[in-house]
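To start, the structure itself, in structure tokens.
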Amino acid sequence: MRDELLAKEKISRLLEPPAADRDAVRKQVIDYIEHFINTIDTAKAYNVNYGNGDGLFSSPISDDPIAIEEALSLLSSHVDIPGLNPASGGHLGYIPGGGIYYAALGDFLADIFNRYAGIYFAGPGAVRMENLLIQWIAGIMKYPSQAIGNLTSGGSIANLIGIVCARDASQIKSCDFDKAVIYLTKQVHHSVDKAIRIAGLKECIVRRIPMDAGYRMKADDLRRAIEHDKSKGLIPFLVIASAGTTDVGAVDPLEEIGAIAQKQNIWYHIDAAYGGFFMLTEEGEKKLKGIESSDTLVVDPHKGLFLPYGSGVLLAKDGKQLKASHSYQANYMQDASQTTEEISPADVSPELTKHFRGLRLWLPLKLMGVKPFSACLEEKLLLTKYFYHEIQRIGFEVGEKPDLSVVTYRYIPKHGDANEFNKRLCEEVQRDGRIFISSTLLDGKFTLRAAILSFRTHLQTVDLLLNVMAEKVKMLERA
Ligand SMILES: *Cc1c(COP(=O)(O)O)cnc(C)c1O
């Protein structure tokens, strides 16, 4: 038995590489990272011609170890080059992500120490750190100090938690589904529709409230719809507003909707996954006025705070409801039952064991302070105004003045179909790859979008986009 144990131990100890090996591998990884960051300004934002990652299959998972050089080479060829480069400042499609360096070091620390951030009993400091960050974010959003929340993997899960909370607070049961009404617009993010379904609410009545010319919910129509539904004996229980739609960056009239929700006594959920952190700017604060009147609120640090993917936040004004929906007890957890007021993430989320995701936010905030974050957001708002102005000067049509940092625009060609032209224009820009833009369909019109939110997007990037657009229009008009 002892011999057998020692034999197994010899192999299992390979999981703890010695210092010299750690050092060698770490150096290679750091070199690879440094090269990436040092050349990011000239790297493409989109690579169409470098395969689709299927080269990974040529190196299956097996008992044969490979060297770090080979692993990095596989990573480079098949993962880090093909497709979209979300770390590039030239990524102006969808909603750009981030990837600030100190967040990665925070993850590195979190992974090595592997502190348990699910339950206060196990990781009191880790849990307090996450709650401190949630309090900080709640303060930015002008939520009261008794508000609580959860650091999630992203906006989708945060929306799900919020919607489950709204369902339970309103005591909506399956027997109510054909009478229960949810209000939102067509521009709500699809993760909201998905969350409604996952929360078991797909048989509820979902009313898409009309929007104004800038794709913002018409508050008067909302009020009328609720009153009408109530008079019919229906149960209006939830209104969902967007604070920055993904499509066009529009902010619903948050304050007016809040007043209606309060008067009608229905749950108010705001999806501010994209726009919420503009609250760190003076202009954003004005645009997002009324955000604090929601009952639950979603923001995404992996968008507005430039963190790497994997960071969303759900805030709830009424902590009791959030806990009632998500806490659970089990016999094998009896040692871990609450002894303090400190909220355990496991009690306000579907997750139990989870990544210590607070550290990736705490470390950059502590090492750099808040100012670079707010300045970067102010810069994005200014760049958006600049682009909105300059793209018109080179002959493009634009949508309404942007509420935040998404510009919609299209080119009307001298000849031929405008939709077809803009589709080809978008494809040409993507093929070129220096800048990545995406498109949308607005009232049947093929429309280009520039979403300016990467921390690496600066004046030089937007000038490059303007040059690329002018160049491609000229090329297509000649063709
Ligand atoms: C990105 C986004 C979401 C979804 O968040 P994920 O972090 O991608 O899960 C939800 N709502 C809006 C408005 C978004 O922009």
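The values are calculated or read from the model by the stated rules, or taken from the named source; none is laboratory data. Quick caveat, the model's predicted, so the values are computed rather than measured. Backbone-built Cβ (ideal geometry, glycine too); neighbour counts: all protein chains shown. For the accessible areas, the whole protein counts, side chains as well, though only heavy atoms, and no ligand, DNA or RNA atoms are used. Shrake-Rupley method; radii C 1.70, N 1.55, O 1.52, S 1.80 Å.
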Exercise. Using beta carbons and a limit of 7 Å, which pairs, at least six apart or on different chains, have the first residue in segment 171-192 and assigned to a helix (DSSP H, G or I) and the second one surrounded by fewer than 22 Cβ atoms within 10 Å (Cβ to Cβ)?
Worked result: ASP176/ILE235; SER191/SER156
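Each row is one residue, and each column tells you yes or no for (1) of a type in the set (Gly, Ala, Ser); (2) surrounded by fewer than 17 Cβ atoms within 10 Å (Cβ to Cβ).
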site: LEU184; (1), (2): no, no
site: ILE198; (1), (2): no, yes
site: CYS204; (1), (2): no, no
site: GLY214; (1), (2): yes, yes
site: LEU222; (1), (2): no, no
site: VAL239; (1), (2): no, no
For this session: Could you grab the pairs with beta carbons closer than 6 Å, sequence gap of 6+ or different chains, first residue in segment 370-397 and within 16 Å of GLY284 (Cα to Cα), second one surrounded by fewer than 16 Cβ atoms within 10 Å (Cβ to Cβ)?
Result: LEU381/GLU283
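Of LYS263, LYS320, LYS366, LYS303, which residue is assigned to a helix (DSSP H, G or I), within 16 Å of the ligand (Cβ to nearest atom) and open to solvent by 10 Å² or more (accessible area, probe 1.4 Å)? Show your work before the answer.
On the way: LYS263 fails: within 16 Å of the ligand (Cβ to nearest atom); LYS320 fails: within 16 Å of the ligand (Cβ to nearest atom); LYS366 fails: within 16 Å of the ligand (Cβ to nearest atom).
Only one candidate qualifies: LYS303.
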Seminar exercise, completed: Taking segment 426-447 and keeping residues of a type outside the set (A, V, I, L, M), outside any loop (DSSP other than H, G, I, E, B), open to solvent by 80 Å² or more (accessible area, probe 1.4 Å) and within 23 Å of GLY244 (Cα to Cα) leaves LYS445
Seminar exercise, completed: CYS165: passes all of (1) under 19 Å from ASN265 (Cβ atoms); (2) within 12 Å of the ligand (Cβ to nearest atom) but (2)
Exercise. Can you name the residue in segment 241-260 that is open to solvent by 10 Å² or more (accessible area, probe 1.4 Å) and out of contact with any helix residue (DSSP H, G or I) (no Cβ under 6 Å at 6 or more places or on another chain) and is also nearest to the ligand (Cβ to nearest atom) among such residues?
Worked result: THR246
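So which of ASP21, ASP3, ASP63 is in a loop (DSSP other than H, G, I, E, B), open to solvent by 70 Å² or more (accessible area, probe 1.4 Å) and over 30 Å from THR457 (Cβ atoms)?
On the way: ASP21 fails: in a loop (DSSP other than H, G, I, E, B); ASP3 fails: in a loop (DSSP other than H, G, I, E, B).
Only one candidate passes the filter, namely ASP63.
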Exercise. Out of all the residues in segment 120-142, which are surrounded by 22 or more Cβ atoms within 10 Å (Cβ to Cβ) and either part of a loop (DSSP other than H, G, I, E, B) or modelled with pLDDT under 95 (or both)?
Worked result: TYR120, MET141
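With the requirement that a residue be open to solvent by 10 Å² or more (accessible area, probe 1.4 Å) and in contact with a Leu (Cβ under 8 Å, 6 or more places away or on another chain), what does segment 405-425 give you? First the steps, then the outcome.
Taking segment 405-425 as the starting set, the residues that turn out to be open to solvent by 10 Å² or more (accessible area, probe 1.4 Å) are 408, 410-421, 423-424.
Hits for segment 405-425 are THR408, ARG410, TYR411, PRO413, PHE421, ARG424.
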